[in-house]
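Let me begin by presenting the structure, written as structure tokens, before commenting on it.
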Amino acid sequence: MTQSASEITVTPARDYGNEVGQGWPVVVEPAPGELLSSWLHRLAMANGIPPQYFGRVLDVAGGDWSAKLDRDLPGRILNLLVERTRLPTEDIDGLALNRDPLTRLRMRQTTGSGDARASTARVNRLQYCPACLKEDRAPFFRRGWTLATRVSCFRHGCSLRDQCPACGGGIAPSRQNRLLRQQFCVWCDADLRKPTLPAEYDVQRLERLIDDLLRMHVAGHGRHGKTSLPAMLGAACFTFNGQPTSISRLPHRVRYVLFRQLADGMTHLQKRSVHPAIDLWTRIARAAPKHSDLVALLSAEITSQITPGTKTRSRHPDLADLQQVIVRLHSNRRTSLATAMPAN
Ligand SMILES: [Zn+2]
Ligand SMILES: [Zn+2]
């Protein structure tokens with residue numbers, strides 16, 4: 001610095017509010033498929049506030065303040081977030097699970113005590129794919145992981161996880177009281193990205209069929225009300241700790257075993273239950289192998305029409321892939337085709 005002290009001029013800073021308005025200093029863009037609470041935690045930390053205290057900024061009480069907002073985002077808070085971040089209203093509203101057609105199948109949030117040693121802190125709140133978190137530049141939780149019908153990652157083929165691999169505590173990033181990213185356990189600081197085992201093929205096949213059916217439901221195909229697909233799947237009760245329990249309340253390890261038993265032919269439920277919801281689970285499990293083959297066959301057939309001589313057969317056919325192929329086919333014919341909304 002060559003200037004002498006006498007040349008330095010000091011001017012009174014204008015009021016911070018006048019300078020930056022009501023906006024927060026740092027704005028974080030939501031990631032594709034991100035859950036509202038995940039984005040709020042990242043937004044809080046980017047502005048120097050540990051997530052545990054950010055609920056007070058938004059005037060929402062409780063240790064699970066952000067999970068409450070996932071399920072019910074009040075207009076006053078949505079407006080506040082829009083005002084402070086200057087992001088479009090629809091971009092923020094779209095992160096929440098408001099008006100969710102799959103509510104019955106979202107994993108239930110349980111209010112914990114905040115004490116890692118207490119059993120209430122060990123219930124499942126969130127599940128995640130460790131490989132996805134490892135790939136993320138800024139690790140974030142996906143809306144799709146909140147579905148109880150998801151037990152594995154379609155991208156990486158590994159099982160999801162809903163407990164810390166070190167201490168067994170629940171995944172509760174809203175309780176983080178330091179500026180630590182979401183890939184660290186709030187109870188013991190362990191890295192949550194320790195790999196999980198690959199999911200079995202039969203389990204993923206059943207999981208994919210259910211996911212495809214739910215996509216169709218979200219797209220507006222299927223029944224509504226008490227006989228809708230998510231209502232029926234959510235109404236079925238399975239025995240857990242001696243109690244009849246909906247799938248939305250089962251921990252991941254139990255749901256995974258359930259899917260494997262269903263894929264294996266449901267040995268203990270071979271006789272169809274009189275309950276129509278259990279009957280539906282049985283039917284879907286029996287249809288999974290045929291559905292997988294059918295989608296693969298259709299995919300190969302349509303692909304061969306677009307690029308002759310390239311009949312391919314995917315080991316893991318996906319209805320979403322099939323939809324993309326159909327769109328490509330129709331765009332080649334210069335016609336438009338509406339695509340179904342994903343079951344997020
Ligand atoms: Zn993954
Ligand atoms: Zn831990």
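Of the helices (runs of 4 or more DSSP H) lying entirely inside the stretch 20-105, those carrying at least 1 residues that are out of contact with any helix residue (DSSP H, G or I) (no Cβ under 7 Å at 6 or more places or on another chain) and under 28 Å from Met216 (Cβ atoms) are 36-46, 65-71, 89-93.
For Gly144, the criteria (1) over 15 Å from the mean Cα position of the chain (by Cα); (2) assigned to a helix (DSSP H, G or I) hold in every case but one, which is (1). If you go through the stretch 74-97 one residue at a time, do you hit one that is within 16 Å of ligand 2 (Cβ to nearest atom), at pLDDT below 95 and either on the phi > 0 side of the Ramachandran plot or surrounded by 14 or more Cβ atoms within 10 Å (Cβ to Cβ) (or both)? Scanning the stretch 74-97, I find no residue that is within 16 Å of ligand 2 (Cβ to nearest atom), at pLDDT below 95 and either on the phi > 0 side of the Ramachandran plot or surrounded by 14 or more Cβ atoms within 10 Å (Cβ to Cβ) (or both), so the answer is no. Taking first residues from the stretch 159-187 that are within 16 Å of ligand 1 (Cβ to nearest atom) and partners that are of a type in the set (Phe, Trp, Tyr), the Cβ contacts under 8 Å between residues at least 6 apart in sequence or on separate chains come to Ser159/Tyr256; Leu160/Tyr128; Leu160/Trp145; Arg161/Tyr128; Asp162/Tyr128; Ile171/Tyr128; Gln182/Phe140; Gln182/Phe141. Condition first: near ligand 2 (Cβ under 9 Å from one of its atoms), farther than 16 Å from Phe141 by Cβ and surrounded by fewer than 20 Cβ atoms within 10 Å (Cβ to Cβ). Now tell me which residues in the stretch 154-196 satisfy that. Across the stretch 154-196, the qualifying residues are Pro165, Ala166, Cys167, Gly168, Cys188, Asp189, Ala190.
Only one of these is at pLDDT 95 or above and within 16 Å of ligand 2 (Cβ to nearest atom): Leu105, Leu133. Name it. Don't jump to the end; show me each part of the working.
Working: Leu105 fails: within 16 Å of ligand 2 (Cβ to nearest atom).
Being at pLDDT 95 or above and within 16 Å of ligand 2 (Cβ to nearest atom) holds for just one of Leu105, Leu133, which is Leu133.
For the stretch 41-56, a residue qualifies if it is without any contact (Cβ under 8 Å) to a residue 40 or more places away in the chain and either surrounded by 15 or more Cβ atoms within 10 Å (Cβ to Cβ) or in contact with a His (Cβ under 9 Å, 6 or more places away or on another chain) (or both), and the qualifying residues are Ala44, Ala46, Asn47, Ile49, Phe54.
The values are calculated or read from the model by the stated rules, or taken from the named source; none is laboratory data. Values in this document were obtained by computation on a predicted structure and should not be read as measured data. Every residue, glycine among them, receives a Cβ derived from its backbone with ideal geometry; neighbour counts consider all protein chains shown.
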